[in-house]
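The values are calculated or read from the model by the stated rules, or taken from the named source; none is laboratory data. Computed from a predicted structure; not experimentally measured. Here Cβ is always computed from backbone atoms with ideal geometry, including for glycine, and neighbour counts include all displayed protein chains. Side chains are part of the model used for accessible areas, which takes the heavy atoms of the whole protein and leaves out ligands, DNA and RNA. Shrake-Rupley method; radii C 1.70, N 1.55, O 1.52, S 1.80 Å.
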Amino acid sequence: MIATALLASLLAAGGGAQALKPAVPIDPVDGIVDAFKTHQVVMLPGGHGSKPAHDLLLKILRDPRVQGTVTDVVVEFGTSRCQDVIDRFVRGDAISDAALRRAWQDTTIAGVTNDGPYVEEFYRAVRAMNSDLPKQKR
């Protein structure tokens, strides 16, 4: 009885609704940039070592519409024990390659490694992007 009343209510409420527009593919970077216009947090699914996922991250980072607008980037390919190293590196401080690589190679989860070239390329891209920005936008 309750289910029938609920179904009748839903049908009655939806009777005057406009038809939904069909989904249309858009450029992912355009969609993400647009999402930042109306949302404080925009999440992307993890790529877990996937080259296409890292390529998309780099494309987003390098887009001039994002640079200076996005102020915080959170990733899961790194250990929090080395957060200070990464912060100093992306800020432009001199960090040895060995110390830098420990940030993503010294994982706390057995069997998980981020030893591919994509992670390092990501951190270096953030550093390069920051170097072109005024301090208050880094």
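Would you please name the residue that is farthest from Thr69 (Cα to Cα), looking only at residues in the range 5-22 that are modelled with pLDDT under 90 and assigned to a loop (DSSP other than H, G, I, E, B)?
From the range 5-22, those modelled with pLDDT under 90 are 5-21; that's our starting set.
Retained after the next criterion (residues that are assigned to a loop (DSSP other than H, G, I, E, B)): 15-21.
Values: Gly15: 42, Gly16: 40, Ala17: 37, Gln18: 35, Ala19: 35, Leu20: 32, Lys21: 30 Å.
It comes out as Gly15.
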Exactly one condition in (1) modelled with pLDDT of 80 or more; (2) assigned to a loop (DSSP other than H, G, I, E, B); (3) of a type outside the set (Lys, Arg) is not met by Gly47; state its number.
-> (1)
Over the range 56-82, the set of residues in a helix (DSSP H, G or I), in contact (Cβ under 8 Å) with a residue 12 or more places away in the chain and farther than 15 Å from Ser131 by Cα is Leu56, Leu57, Leu58, Lys59, Ile60, Arg81, Cys82
Report the residue count in the range 57-74 for those that are within 14 Å of Ala125 (Cα to Cα), hydrophobic (A, V, I, L, M, F, W, C) and open to solvent by 50 Å² or more (accessible area, probe 1.4 Å).
-> 1
For the range 83-118, name all the residues that are at pLDDT below 85, in a helix (DSSP H, G or I) and closer than 19 Å to Leu58 by Cβ.
-> Trp104, Pro117, Tyr118
Residues that are surrounded by 12 or more Cβ atoms within 10 Å (Cβ to Cβ) and over 13 Å from the mean Cα position of the chain (by Cα), drawn from the range 36-50 | Gly49, Ser50
